[in-house]
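Just below is one structure, and these are the notes that go with it.
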Amino acid sequence: MLKVGLTGGIGAGKSEVSRLLVSYGAVLIDADRIAREVVEPGTPGLAAVVAEFGPEILTPEGALDRPGLGAIVFHDAGRLAALNAIVHPLVGARSAALESQAGPGDVVVHDVPLLTENGLAPLYDLVVVVDASPETQLDRLVRLRGMTEADARARMSAQATRAQRRAVADLLVDNDGPLEKLEPQVREVWQELVRRAAEAASRPGTP
């Protein structure tokens, strides 16, 4: 098994890269999706978030009001840290359980938005970073996701810098351009991952 960490700043296009990797055969473990699952209604995770932030972060139906909570934590580093302290251990435990189900020859891609921020690079055999300039990120967030510029900038500033992400990259995907330039890069990355997975599987003592 080859354990790959996939990360990139908000608006960099990491989701498209993960979609392509899955289409080639990767086993995807999506930290964002798991983060939503662990705070669904009725979970201990949601109860802990409510205890920390108050019942006002719930919708009338009892689900987590994500935009409301986001408006709080992305403008306050202390509150963001408090949320992460609740959610991240739950996500880590669920990710480990899913990884244990993968086969010995699989390429397991962990899609982790905050990989750099949380110093998680050493957990993986290699790290793939989807890279885009801050100007491109801002444009995509405002134009494609409908965020205000202030909200987009706040979310970007809550993450690692471009230089910090690039520093942990073993493989870099340049997604500053149009989509048609992305697919050939991701295919090359996939071929490299398959090669490394085969090497790892051939080593003596590999489970």
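The values are calculated or read from the model by the stated rules, or taken from the named source; none is laboratory data. Everything quoted here is computed from the prediction, not taken from an experiment. Cβ atoms come from the backbone with ideal geometry, glycine included; neighbour counts cover every protein chain shown. What goes into the accessible areas is simple: the full protein's heavy atoms, side chains included, and nothing from ligands, DNA or RNA. Shrake-Rupley method; radii C 1.70, N 1.55, O 1.52, S 1.80 Å.
Between 0 and 90 degrees, the angle of helix 134-143 with respect to the longest Cα principal axis of the chain falls at about 60 degrees.
Determine the sum of side-chain charges near VAL73: Lys and Arg each +1, Asp and Glu each -1, restricted to other residues whose C-beta is under 14 angstrom from that of VAL73. Overall, the nearby charge balance is -3. Rounded to the nearest 10 degrees, the angle from helix 77-99 to the longest Cα principal axis of the chain is 40 degrees. Using a probe radius of 1.4 angstrom, the carbon and sulfur fraction of the accessible surface of the range 5-76 is 56%. Other residues lying with their Cβ under 14 Å from the Cβ of ARG33 contribute a combined charge of 0, Lys and Arg counting +1, Asp and Glu -1. The angle separating the long axis of helix 14-24 from the principal Cα axis of greatest extent in the chain is about 40 degrees. The sum of -39500 (n - 2.57) across all DSSP H runs of n ≥ 4, divided by the residue count of the chain, sets its helix-only mean residue ellipticity at 222 nm to -15500 deg cm²/dmol. Backbone phi angles across the range 179-195, fed through the Karplus curve with coefficients 6.51, -1.76 and 1.60 (θ = phi - 60°), yield HN-Hα couplings of 4, 5, 8, 7, 4, x, 5, 5, 4, 5, 4, 4, 4, 5, 5, 4, 4 Hz in residue order; Gly and Pro are listed as x.
Each eigenvalue of the Cα gyration tensor of the range 36-146, multiplied by 5 and square-rooted, gives one semi-axis; in descending order these are 27, 22, 13 Å. Could you please state, rounded to a whole Å, how far the C-alpha centre of the range 25-48 is from the C-alpha centre of the range 157-207? Taking the Cα centre of the range 157-207 as reference, the centre of the range 25-48 is 24 Å away.
Rolling a 1.4 Å probe across the protein heavy atoms gives the chain an accessible surface of 51 Å² per residue. To put it simply, the accessible area of the range 156-196 at a 1.4 Å probe is 50 percent carbon and sulfur. For LEU6, the residues whose amide H sits under 5 Å from its own are HIS110, ASP111, VAL112, VAL128, ignoring neighbours fewer than 5 places away on the same chain, with H placed 1.01 Å from N. Contact order for the range 1-116, expressed relative to its length and based on alpha carbon pairs under 8 Å spaced 6+ residues apart, stands at 54 percent.
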